[in-house]
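Encoded as structure tokens, the structure appears first; notes follow it.
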Amino acid sequence: MQSERLRVLIVDDQPAVTKALEILMDIHELPHVSASTPEEACRIVAAETIGVVLQDMNFGPGETSGDEGVALFRKLRSVYPDLPILVITAWALVETAVTLMKEGAADYIEKPWSDEKLVASVKNLLKMRELEIENTRLRAATLADQNILKQNFDLRDIVYESAPMHKVISLGLNVARSDAPILITGPSGSGKERLAEIVQANSHRNNKPFVRVNVGAIPEQLMESELFGAEAGAYTGIGRRRIGHFETAAGGTLFLDELDALSLADQVKLLRVVQSGELLRLGSSITRRVDVRILSATNADLRNKIAIGEFREDLYYRLNVIELAVPSLDERRDDILPLACHFLSTYAQGNAPPKTLSKAAEYALLDHSWSGNVRELENRIHRAVLVSKGNEISSANLNLENANGPLDRTAIPLRDEELEERRAIVDALVKADGVVAHAASRLGVSRQTLYRRMTRLGIQIERMLTGTQSNSR
Ligand SMILES: Nc1ncnc2c1ncn2[C@@H]1O[C@H](COP(=O)(O)OP(=O)(O)OP(=O)(O)O)[C@@H](O)[C@H]1O
Ligand SMILES: [Mg+2]
């Protein structure tokens with residue numbers, strides 16, 4: 001969290017009201033600052049870290065129209081769209097206050113106010129604001145770090161904005177220049193091969209052969225000759241000498257994809273070559289030295305395979321000097337929309353500009369459980385581009401309903417701050433009877449921001465309000 005605490009800005013021209021609010025804030029140990037005119041308020045917001053604005057509707061003696069309050073509100077809203085503003089109003093102006101809520105005011109409080117309600121509301125808004133600032137800071141830091149990487153490395157046009165992806169890519173780049181074998185793990189379609197390409201492109205072998213072998217696609221009886229080569233006549237059906245993938249990759253990099261598909265017998269042979277740096281072509285008695293850096297990938301749990309005797313532990317440690325674990329797309333939801341945009345450009349037809357996503361389509365993407373990871377996202381966007389009629393892709397075009405079902409974030413552990421944020425949001429949604437727009441106002445954030453957070457935190461209104469009338473708009 002940021003070191004400086006966010007302050008409450010009290011804006012009122014009546015000294016008695018200001019004083020009462022200041023005392024209330026002091027009692028609850030909420031840092032605050034006061035302004036008696038709209039101009040002063042604007043100056044303070046520009047200069048200090050304000051978390052919540054508590055503003056009156058009228059300034060100046062005899063003023064009762066509320067016009068000045070509305071003007072101040074609109075001015076602050078236009079410059080600071082995410083700054084929560086709590087309007088304090090006399091009964092006569094409640095209607096105006098309601099209008100302001102539609103324009104994004106966090107809430108309004110009628111005079112004479114209840115101390116308890118006012119303080120609860122302020123605390124809640126401060127907390128949300130803190131989390132929002134922290135999240136923005138983290139995202140900005142990731143993007144800035146990414147730019148530094150882009151200037152110094154070849155990222156092979158990989159698309160990401162999430163912190164977990166940044167971490168694994170940075171680690172990959174750190175170890176790329178060594179010759180250490182790397183095991184890339186992660187679920188199917190998450191981008192393991194992409195990461196292998198990045199490692200290779202940033203290694204000192206980047207202008208040497210990069211040989212990709214899908215171990216899972218090679219029949220067991222051909223594995224040895226495919227990997228290590230065979231002399232003519234080594235076995236029936238082989239009329240001429242075969243150069244194996246290891247020799248083809250000499251001086252460069254060999255990428256063994258679907259490593260888990262290797263039989264135990266072939267694991268022994270592979271281990272021997274990796275340990276000695278020498279190989280024997282099938283049917284030959286001449287050992288040949290090979291200088292090859294090995295990258296391998298699997299979506300299987302190799303530790304589990306070791307436990308049940310299907311994978312050799314010694315080979316595992318040989319190949320897994322460094323492990324790069326690619327997170328599933330569900331664990332890095334900040335990447336969903338950037339990737340979707342990227343695929344919209346990839347699949348734009350002819351010279352046409354890329355199609356765009358409707359808001360509902362964005363929410364649908366964010367709410368989906370991506371068991372097929374990036375590959376599934378790519379396929380769905382490709383399909384949507386083809387089936388959508390206009391320039392905008394609707395949520396129906398994505399055909400996500402009844403697919404993998406909505407995301408169940410309960411499966412992914414939340415951090416403490418996230419748990420707190422989740423509680424605050426659920427609380428606001430319950431109080432707003434599940435109407436997201438009202439809950440967003442209560443929390444002092446835009447509806448879009450609230451949707452994003454709900455998705456990230458796995459909050460589903462239908463589940464939350466079972467038995468209650470629910471309305472997601
Ligand atoms: N971060 C990314 N940015 C852009 N494209 C990506 C990214 N991650 C994956 N892709 C694309 O998604 C597809 C799947 O990625 P990739 O083949 O690297 O996944 P994988 O983990 O190797 O999958 P599998 O386990 O099925 O082999 C590819 O078309 C790849 O180009
Ligand atoms: Mg792959």
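The values are calculated or read from the model by the stated rules, or taken from the named source; none is laboratory data. Every value quoted in this text rests on a predicted model; they were computed, and no experiment measured them. Every residue, glycine as well, gets a Cβ built from its backbone with ideal geometry; the counts of neighbours run over all protein chains shown.
If the condition is being among the hydrophobic types (A, V, I, L, M, F, W, C) and under 21 Å from Ile184 (Cβ atoms), then the stretch 141-165 contributes Leu149, Phe153, Leu155, Ile158, Val159, Ala163, Met165.
One residue stands out in the stretch 315-331 among those that are hydrophobic (A, V, I, L, M, F, W, C) and not in a strand (DSSP E or B): the one that is surrounded by the fewest Cβ atoms within 10 Å (Cβ to Cβ), namely Val321. For the stretch 39-92, the tally of residues that are closer than 21 Å to Glu4 by Cα, β-branched (Val, Ile, Thr) and touching a residue at least 60 places away in the same chain (Cβ under 8 Å) stands at 2.
One residue stands out among those in the stretch 198-222 that are within 12 Å of ligand 1 (Cβ to nearest atom) and not in a helix (DSSP H, G or I): the one that is nearest to Thr298 (Cα to Cα), which is Asn214. Any residue that is hydroxyl-bearing (Ser, Thr, Tyr) and within 17 Å of Val87 (Cα to Cα) - is there at least one of those in the stretch 47-62? No; the residues of the stretch 47-62 include none that is hydroxyl-bearing (Ser, Thr, Tyr) and within 17 Å of Val87 (Cα to Cα). Looking at the stretch 97-125, which of its residues are surrounded by 20 or more Cβ atoms within 10 Å (Cβ to Cβ) and in a helix (DSSP H, G or I)? Result: Ala97, Leu100, Ser121, Val122, Asn124, Leu125.
Apart from one condition, Gly172 fits all of (1) touching a residue at least 40 places away in the same chain (Cβ under 8 Å); (2) surrounded by 14 or more Cβ atoms within 10 Å (Cβ to Cβ); (3) closer than 24 Å to Arg7 by Cβ; the exception is (3).
Scoring Ser225 on the criteria (1) more than 16 Å from ligand 1 (Cβ to nearest atom); (2) closer than 30 Å to Ser371 by Cβ; (3) of a type in the set (Gly, Ala, Ser) leaves a single failure, condition (2). Summed over the stretch 124-169, the residues that are aromatic (Phe, Trp, Tyr) and away from ligand 1 (no atom under 16 Å from the Cβ) give a count of 0.
Hey, does the stretch 187-198 have a residue that's closer than 23 Å to Leu279 by Cβ, away from ligand 2 (no atom under 16 Å from the Cβ) and not assigned by TED's automatic domain parsing to the domain that holds Leu339? Among the residues of the stretch 187-198, not one is closer than 23 Å to Leu279 by Cβ, away from ligand 2 (no atom under 16 Å from the Cβ) and not assigned by TED's automatic domain parsing to the domain that holds Leu339, which makes the answer no.
Residue by residue, here is whether (1) within 12 Å of Asp12 (Cβ to Cβ); (2) touching a helix residue (DSSP H, G or I) at 6+ places or on another chain (Cβ under 9 Å) holds:
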{"residue": "His28", "(1), (2)": "no, yes"}
{"residue": "Val53", "(1), (2)": "yes, yes"}
{"residue": "Val70", "(1), (2)": "no, yes"}
{"residue": "Pro81", "(1), (2)": "no, no"}
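Quick one: how many residues across the stretch 13-35 are touching a Ser or Thr at 6+ places or on another chain (Cβ under 7 Å) and at pLDDT 95 or above?
So the answer is 3.
For the stretch 332-381, a residue qualifies if it is in a helix (DSSP H, G or I), over 15 Å from the mean Cα position of the chain (by Cα) and of a type in the set (Lys, Arg), and the qualifying residues are Lys359, Arg375, Arg380. Residues in the stretch 170-197 that are part of a helix (DSSP H, G or I), within 10 Å of ligand 1 (Cβ to nearest atom) and either hydrophobic (A, V, I, L, M, F, W, C) or on the phi > 0 side of the Ramachandran plot (or both): Leu195, Ala196.
So for the stretch 262-285 (the condition being in contact (Cβ under 8 Å) with a residue 12 or more places away in the chain, within 16 Å of ligand 2 (Cβ to nearest atom) and in contact with a helix residue (DSSP H, G or I) (Cβ under 9 Å, 6 or more places away or on another chain)), does at least one residue qualify? Yes, the stretch 262-285 contains a residue that is in contact (Cβ under 8 Å) with a residue 12 or more places away in the chain, within 16 Å of ligand 2 (Cβ to nearest atom) and in contact with a helix residue (DSSP H, G or I) (Cβ under 9 Å, 6 or more places away or on another chain).
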